[in-house]
Amino acid sequence: MDLLQHSIQSAFLLLLSADPELLNIVWVSLKVSGISTIIASFIGIPCGFVLAYSSFYGKRFVLTCLNTLLALPTVVIGLLVYSFISRRGIFGSLELLYTQKAMIIGQVILIIPLIASLSIAAVSRIDSRYRKTALTLGATQKQMAWVILKEARYGITAAIIAAFGRVIAEIGISMMLGGNAKGFTRTMTTAMALEYDKGEFVLAVALGLTLMSIAFAINLLFHFFQGRDGINVV
């Protein structure tokens, strides 16, 4: 109990002092997770829209595969990407392994299914009369899609926020593809694991408090947009 109390007190002092190492770790986490979320959003949202409004043979199978990918462990994604970008891999010449780019690739793969699935749910809740009215008034397919996306904007925003929360807290991909290099690929979760192994709890607790604060803020935003989406649909 004394160890925990001392660690928390020291962690707060470390946070208040704006320790450069701590700030760098937080910055790397936010940067990598933010870029991953943006890239995955540009892929996952259009995919979700297409799957929600298109009809084709095997659609149910595709949706089943998409839902299955939601439970894909991060270490499996890490192994898969590692096999492609390692020195003996197909893309080994690009020297991506143990870089932030490798971490971004893995995280994008992780959250595309999440964004796509939540986008499908958000778009599917929109009254079909919006689509029919837009087409009746002479709107093109792109204009109709824009109308639907505007109506589903709160649900889609919630999907993006949920995806960001997913990647900023993951550890398997960051550790396997980033290598936990100090000042370069060390994130909050990998640093916490390292500090725990070393028996140094102060930095680990400080990072844990920071991560929990970010997670709390993300959940506040998520519930806010979920509520707005519910009002919008009704």
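Computed from the coordinates by the stated procedures, all read-outs in this text should not be read as laboratory data. Worth saying up front: this structure is predicted, and the values here are computed from it rather than measured. Cβ placement follows ideal geometry from the backbone for every residue including glycine, while neighbour counts extend to all protein chains displayed.
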### Message
Checking the a/c ratio against 1.5 first, then a/b against b/c, what shape does the Cα gyration tensor give for the range 114-165?
### Response
prolate
### Task
Loop sites only, by DSSP: take the GluC sites (Glu not before Pro) in the chain that have at most 14 other C-beta atoms within 10 Å and name the longest stretch containing none of them.
96-199
#### Entry: Residues of the range 158-185 with amide N under 20 Å of a point placed 7 Å along Cα→Cβ from ALA193
164-185
### Task
Measure nothing fancy, just the Cα-based angle from helix 59-69's long axis to the longest principal axis of the chain, in degrees from 0 to 90, nearest 10.
10
### Point-to-point label distance, PHE12-THR68, nm (Cα→Cβ direction, 7 Å offset)
5.0
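Exposure proxy check: LEU16, LEU207, LEU30, LEU66 ranked by fewest other beta carbons within 10 Å?
Neighbour counts put them in this order, fewest first: LEU16, LEU30, LEU66, LEU207.
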### Task
Grab the beta carbon distance between PHE61 and SER128, set R0 = 25 Å, and tell me the FRET efficiency rounded to 0.05.
0.55
### Task
Can you figure out the FRET efficiency of VAL76 with TRP27, using R₀ = 22 Å and their beta-carbon distance, to the nearest 0.05?
0.20
### Query
Among (i) 24, 22, 15; (ii) 38, 23, 13; (iii) 38, 19, 14, which is the computed semi-axes √(5λ) of the Cα gyration tensor in Å?
(ii)
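Using the crude model of +1 on Lys and Arg Cβ and -1 on Asp and Glu Cβ, and no other charge, please compute the dipole size for the range 1-136 relative to its Cα centre, in debye to 20.
That gives the range 1-136 a dipole magnitude of about 900 debye.
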### Query
Farthest toward the dipole's positive end in the chain, which of ILE160, THR140, ILE35, given Cβ charges of +1 (Lys, Arg) and -1 (Asp, Glu) about the Cα centre?
THR140
### Query
Taking square-rooted eigenvalues a ≥ b ≥ c of the alpha carbon gyration tensor, is the range 1-96 rounded, prolate or oblate, where a/c under 1.5 means rounded and, failing that, a/b exceeding b/c means prolate?
prolate
### Query
Helix 141-151: angle to the longest alpha-carbon principal axis of the chain, degrees 0 to 90, nearest 10?
60
### Message
When the expected Rg is taken as 2.2 N^0.38 Å, what fraction or multiple of it is the alpha-carbon Rg of the range 118-198?
### Response
1.77
### Task
With a Förster radius of 35 Å, plug the Cβ-Cβ distance of GLU200 and PHE84 into 1/(1 + (r/R0)^6) and report the FRET value to the nearest 0.05.
0.50
### C-alpha long axis of helix 201-233 to longest principal axis of the chain, angle in °
10
#### Entry: Counted charge near ASP19, where neighbours are those whose Cβ lies closer than 14 Å (Asp, Glu -1; Lys, Arg +1)
-1
